[in-house]
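One structure is given below, encoded as structure tokens.
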Amino acid sequence: MKERLQKIREDAIAKIKASKNPEALNDVRVSILGKKGELTALLKSMKEVVPEERPAFGQLVNDTRAEIERVMEDAKKQMEQMLLEMRLKTEVIDVTLPAKKNCMGHRHPNTIALEEVERIFIGMGYEVIEGPEVEYDLYNFEKLNIPANHPAKDEQDTFYINKEIVLRTQTSPVQARTMEKGKLPIRMISPGRVFRSDEVDATHSPSFHQVEGLVIDKNITFADLKGTLEEFAKELFGEDTKTKFRPHHFPFTEPSAEVDVSCFKCGGKGCRFCKGSGWIEILGCGMVHPHVLEMCGIDPEEYTGFAFGMGLERIALLKYEIDDMRLLYENDIRFLRQF
Ligand code: DAH
């Protein structure tokens with residue numbers, strides 16, 4: 001028996017040494033240590049050993065098994081090390097090859113302009129609130145003091161879904177929706193898409209974007225409106241920008257104004273960009289009409305506020321000196337890459 005054990009041991013070690021790959025090594029494991037392996041068979045024939053010698057022989061078998069396992073483990077480690085070295089030698093990376101280019105998209109000029117506007121107002125403590133693009137006539141017109149017979153409601157200006165529902169023609173309905181919620185004070189801007197039944201040309205599109213602004217609190221005056229928009233214009237177009245408030249009419253504000261900024265191209269002297277006037281119009285604004293406050297559930301004796309609205313495309317066109325609005329919608333990559 002002892003000789004058989006010795007033979008198994010020597011055979012096993014020789015076979016392990018001769019194994020060239022992990023599969024061969026595993027075959028050796030199965031043929032010796034496996035259920036039907038030689039060493040297992042030897043253990044099963046233990047009864048042939050005289051009883052007094054069994055414990056010592058059992059111990060010998062176990063030691064042999066442990067030794068074979070150790071030799072096998074070492075061989076495996078060596079093999080893995082060799083394989084790794086081979087791979088390191090063959091799979092050389094040429095660090096001088098040009099890297100794979102990551103084709104990243106980037107923001108549309110409209111989005112860049114919007115994020116700039118948002119950054120400025122968020123910095124002044126405003127919230128950004130969104131409203132629906134498909135809107136009730138009630139919010140788009142009625143609650144903003146635009147009654148049934150108003151020319152803004154003409155079918156030539158507005159896309160009607162039915163008598164009561166329209167594609168919103170302005171972001172101003174979000175004013176009414178926010179006031180109605182009843183949480184005061186309000187400091188919000190509301191960017192979004194608006195729709196008008198317009199032909200496409202260099203300055204018009206049936207779908208474009210606006211940013212609305214609304215502030216409601218106690219003791220808000222026209223001075224707050226002026227200061228806020230002056231600060232906004234300076235942040236957006238540069239520290240030297242001047243603003244001019246021209247009286248205007250909007251149904252939902254009283255008094256109302258249009259705001260011009262001094263031309264940032266010529267500094268106000270007059271150039272091709274500002275059509276010689278030195279001024280560029282950027283938005284409409286005013287003090288929220290008391291009747292609008294009432295219709296939205298706010299007491300005009302206690303609260304006052306201001307509102308403003310601007311075309312986002314207009315801001316993007318001005319900021320990036322683009323002279324045709326259609327370029328913003330064509331998504332021509334040669335154009336978009338420039339921003
Ligand atoms: N909604 C107006 C428009 O589409 C723009 C506007 C003007 C909004 C004055 C305002 C405002 O909030 O106070 O022409």
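Key figures
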{"item": "Entries of Lys143/Lys181; Lys15/Lys89; Lys181/Lys234; Lys2/Lys77; Lys244/Lys269 with Cα pairs more than 25 Å apart", "result": "Lys15/Lys89; Lys181/Lys234; Lys2/Lys77"}
{"item": "Orphan Cys of the chain, criterion: no other Cys C-beta under 4.7 Å", "result": "Cys103, Cys285, Cys296"}
{"item": "Cα Rg, Dmax (largest Cα-Cα span) when computed across the stretch 8-131, Å", "result": "33.5, 97"}
{"item": "Diffusion constant of the stretch 161-219 at 10 °C, which comes from Stokes-Einstein with the Kirkwood Cα-pair radius and 1.306 mPa s, µm²/s", "result": "121 µm²/s"}
{"item": "Surface/4 estimate of mean projected area, convex hull on alpha-carbon atoms of the stretch 234-305, nm²", "result": "5.8 nm²"}
{"item": "The stretch 10-154 - percent of accessible surface contributed by carbon and sulfur, probe 1.4 Å", "result": "57 percent"}
{"item": "Heavy-atom accessible area order for Ile112, Ile315, largest first, 1.4 Å probe", "result": "Ile112, Ile315"}
{"item": "For the chain, share of DSSP beta bridges that run antiparallel, in % to the nearest 5", "result": "95 percent"}
{"item": "Over the stretch 67-118, equivalent-ellipsoid semi-axes from the Cα gyration tensor in Å", "result": "56, 18, 6"}
{"item": "Acute angle (nearest 10 degrees) that the helix 22-33 long axis makes with the longest principal axis of the chain, alpha-carbon atoms", "result": "50 degrees"}
{"item": "Mean ellipticity per residue at 222 nm, deg cm²/dmol - from DSSP H runs of n ≥ 4 across the chain, formula -39500 (n - 2.57)", "result": "-12500 deg cm²/dmol"}
{"item": "Neighbour count of at most 12 Cβ within 10 Å plus DSSP loop: longest GluC sites (Glu not before Pro)-free window in the chain", "result": "1-90"}
{"item": "Fraction of alpha-carbon pairs over 28 Å apart in the chain - percent", "result": "61 percent"}
{"item": "Value of Rg to Rh for the stretch 85-147 (Rh from inverse mean 1/r over Cα pairs, i.e. Kirkwood)", "result": "1.47"}
{"item": "Percent accessible area from carbon and sulfur atoms, the stretch 230-270, protein chains only, probe 1.4 Å", "result": "47 percent"}
{"item": "The chain - charge dipole about Cα centre, Lys and Arg +1 at Cβ, Asp and Glu -1, debye rounded to 20", "result": "2160 debye"}
{"item": "C-alpha center-to-center spacing [the stretch 274-339, the stretch 137-202] in angstrom", "result": "15 Å"}
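The values are calculated or read from the model by the stated rules, or taken from the named source; none is laboratory data. What you see is a predicted model; the values in this text were computed from it and never measured. So basically every Cβ, Gly included, is an ideal-geometry build from the backbone, and we count neighbours across all protein chains shown. Each accessible area value is taken on the protein alone, full model and side chains, heavy atoms only, with ligands, DNA and RNA left out. Shrake-Rupley method; radii C 1.70, N 1.55, O 1.52, S 1.80 Å.
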